[in-house]
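The following block contains the structure, expressed as C-alpha cells.
Derivation of every value follows stated rules applied to the coordinates shown; laboratory data play no part. Only a predicted model underlies this, so the values are computations on that prediction, with no experimental measurement involved. We place every Cβ from the backbone using ideal geometry, glycine too, and count neighbours over all the protein chains shown.
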Amino acid sequence: MSARKTDIAIVGGGLAGSLAAAMLGRAGLDCVLIDPHEAYPDDFRCEKLDGSQLEIMQKTGLAEAIARAATPDRTCWVARLGRVVEKRPGDQLGIFYGPLVNTIRGEIPRRVPFIRAKAQAVAARAERQLVTLAGGGQINARLVVLANGLSVSLRDSLALTREIVSPCHSVTVGFTIKPRGQSAFAFSALTYYAERPADRAALVTFFPIGAGMRANLFVYRQSDDPLLRRMRKEPQSALFELMPNLRPILGDFAVEDKVQIRPIDLYVTRGHRQAGVVLVGDAFATSCPAAGTGARKVLTDVERLCNLHIPRWIATPGMDEAKIAAFYDDPVKQACDTFSANKALRLKAMSLDDTFSGALRRRSKFVLQAARGALRRRPQVAETLPAVQLPVEASA
Ligand SMILES: Cc1cc2nc3c(=O)[nH]c(=O)nc-3n(C[C@H](O)[C@H](O)[C@H](O)COP(=O)(O)OP(=O)(O)OC[C@H]3O[C@@H](n4cnc5c(N)ncnc54)[C@H](O)[C@@H]3O)c2cc1C
C-alpha cells in the first residue's frame, strides 16, 4: 500500500497540534492532523488562559473563537494571610481543556484531513519522513510536527530521551464548588496564597467556568501524601485545614464533582535536534501548573513555528537539521522556555523557604500587593495601573 503524501504531518491533536493544524491550514499549507480521538476527551489540564497567554493567542488568529467559548473572570481578588490585598481587573478566561481543544479543532479548515489513528513509529530523514499508523497505513511528509504531549510511545523510533529536571515537582487538585449557606460567593475570581512553608503548598485559585466556580489547588507533595487522600474524600475540611484563614473570604462550599488530582514531573526532551521532525508543547518540555506557564509555552512554540519557521522551511527544498535548529534557537521561544523553567523553580523555592529571608520575601510581596491594592481603590490612580500581575509568583 502506498503512503499518503503531504507536506506536514502533525502528530497529536491536543492544544499544540490542533492549533498548528488550524494555523497551517488557514495559511493554505498542505498538512494532516493525526490523533486517536475524533473529539478531544475530557482531561484535567489547563483550565484558564491569562492575559499574557491571550496576547500570544491574538497572533494565532484563534483568540476570538476561544473568547466566545470561555468565561471571563471580570475581577480577581488576590488574598494572603486571610486578607484581600488587591482587587484587580480580570484578565483570565476560564474554559475546560476538552472544550478549549475542541473549539480550536472547530477552526481547522475542512481541507485539512483529520486522520483518526495513533502514530506507531516515525522515521525522520533530511528529505521525506515516514509516519506509520497503528492499524495500518503510512503518511509520507516533508516535515513531522511532533505534538504528542506526555506520551512516550514515539520516543524509541526517534531515539529521543527525557531528562527529568524535577520529579513530582507539584501536584494539581481540581474541583468545582458551589456556595453553601450563602447565595453566591463574594468574588468573581480569587487567588489565595499558602500561609506557611510547612504547608508545602503554593496557592489555590477560584475562577468561573460557565455557571460553575472551579478550584485549582497547587501543592508540593508526593502523590501518596495523606492530604491528597483527604482532598479526595473531604475537600472542604482538607482545604480549610491547609489554609484556615481562607474560610472567612471563601465561605462554606460544597463540591459538585469528582476531585481530580494530577502530579507533574518537570522534564525536557533530549536528542530533539534532528532532521525532518520538530517537537512542540509538552512533547518538548513540561511546565509547572502552579506557575501557569504551560499554555504560554505551547502558544509561543506554535505561534513561532507556524507564523515564522514552517513557511520558510517549506519554501526551499530539504528539511535538514540546520533548518529545524532555527526553531529551537529562536530567541522568543528560548526566552519563554527559560521564563517557564525559572518560574516553576522559583515559585517552589519561595513557597517552601522557611528561613528568615524567605519570610521576609513573602512579607514584602504582601506589603507590595497591599499597597498596589490601596492604589487601585483610588479611582484616578487605578486607571493608570496596568492589569498585569506582580512578577514571579503572583500570576498563577
Ligand atoms: C493538571 C494540570 C493543570 C494544568 N494547568 C495549567 C494552567 O493552569 N495553566 C497553564 O498554562 N498550563 C497548565 N497546564 C499545562 C498545559 O495543560 C499543558 O502544557 C498543555 O495542555 C500541553 O498541550 P500539548 O498539546 O503539548 O499536549 P496534549 O494536550 O496532551 O496533547 C497531546 C495529544 O497527542 C495525542 N497523542 C499522543 N500520542 C499519540 C500518538 N502516538 N499518535 C497520535 N497522537 C498522539 C493525544 O491524544 C493528545 O491529543 C496544566 C497541566 C496539567 C497536567
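Using Cα-only point scatterers and the Debye equation, what is log10 of I(q)/I(0) for the chain at each q in 0.07, 0.10 Å⁻¹, rounded to two decimals?
Evaluating at q = 0.07, 0.10 Å⁻¹ gives log10 I(q)/I(0) of -0.34, -0.68.
Would you check the chain for Lys pairs whose C-alpha atoms are within less than 20 Å, ignoring same-chain pairs closer than 8 in sequence, and give me the count?
Pairs that pass both the separation and distance tests number 20.
Per residue of the range 116-127, in order, report the coupling 6.51 cos²θ - 1.76 cosθ + 1.60 (Karplus, θ = phi - 60°) as ³J(HN,Hα) in whole Hz, putting x for Gly and Pro.
7, 6, 9, 6, 9, 7, 10, 10, 10, 9, 6, 10
Also, I was wondering about something else. Which of the listed residues, I34, M23, I66, is farthest toward the dipole's positive end in the range 7-134, when Lys, Arg count +1 and Asp, Glu count -1 at the beta-carbon?
Projecting each Cα onto the dipole axis, the largest value belongs to I66.
Count charges around D320 for me, please; just the other residues with Cβ under 14 Å from its Cβ, Lys/Arg as +1, Asp/Glu as -1.
+4
Something else now. What is the local net charge at L133, summed over the other residues whose Cβ is closer than 13 Å to its Cβ (Lys, Arg +1; Asp, Glu -1)?
Residues close to L133 contribute a combined charge of +2.
Under 14 Å from a point placed 7 Å out from the Cα of S157 along the Cα-to-Cβ direction: which residues of the range 103-123 have their backbone N that close?
Those under the cut-off are 117-123.
Can you list residues from other chains, or at least 5 along the same chain, whose modelled amide H is less than 5 Å from the amide H of T286?
Placed amide hydrogens put Y267 under 5 Å from T286.
Another question, if that's okay. Among T103, T355, T161, which comes first, second and so on when ranked by fewest other beta-carbon atoms within 10 Å?
Ordered by Cβ neighbours within 10 Å, fewest first: T355, T161, T103.
Okay, next question. If you restrict to DSSP beta bridges whose two residues both lie in the range 1-153, what percentage is antiparallel, to the nearest 5?
Just about 55 percent of them are antiparallel.
Can you list the residues, at least 5 places off or on another chain, whose amide H is less than 5 Å from the amide H of V85, using H built in the peptide plane?
Correct list: V78, A79, R80.
Can you sort E64, E234, E107 so the residue with the fewest Cβ neighbours within 10 Å comes first?
Ascending Cβ contact count within 10 Å gives the list E64, E234, E107.
Add +1 for every Lys or Arg and -1 for every Asp or Glu among the other residues with Cβ under 9 Å from the Cβ of P289, and state the total.
Net charge around P289: +2.
Using just the Cα positions, wrap the range 9-109 in a convex hull and report its mean projected area in square nanometres, one decimal place.
With every direction weighted equally, the projected area is 7.4 nm².
Given that compact globular proteins tend to follow 2.2 N^0.38 Å, what is the ratio of the alpha-carbon Rg of the range 56-149 to that value?
1.65
Per-residue HN-Hα couplings for the range 272-281, Karplus 6.51 cos²θ - 1.76 cosθ + 1.60 at θ = phi - 60°, whole Hz, x for Gly and Pro?
7, 7, 8, 5, x, 9, 10, 9, 10, x
Of D30, D35, how do they rank once you tally other Cβ atoms within 10 Å and put the fewest first?
D30, D35
How large is the charge dipole for the range 182-231, taken about the Cα centre, if only the Cβ atoms of Lys, Arg (+1) and Asp, Glu (-1) carry charge, to the nearest 20 debye?
Roughly 60 debye, rounded to the nearest 20.
With θ set to phi - 60°, apply the Karplus curve 6.51 cos²θ - 1.76 cosθ + 1.60 along the range 48-59 and write out the HN-Hα couplings as whole Hz, x wherever there is a Gly or Pro.
Coupling constants for the range 48-59: 8, 10, 9, x, 5, 5, 5, 4, 5, 4, 4, 6 Hz.
Something else now. Whose amide H sits under 5 Å from the amide H of R221, counting only residues 5 or more places off or on another chain, with H placed in the peptide plane?
Amide H neighbours of R221, under 5 Å, 5+ apart: V171.
Quick one: compute the contact order of the range 217-369, relative version, from alpha carbon pairs under 8 angstrom and 6+ residues apart, as a percent.
Across the range 217-369, relative contact order equals 19 percent.
Of all DSSP beta bridges located in the chain, what percent are antiparallel, nearest 5?
70
Are there any trypsin sites (Lys or Arg not before Pro) in the range 244-311 that are in a DSSP loop and have at most 13 other Cβ atoms within 10 Å? List them by number.
K258
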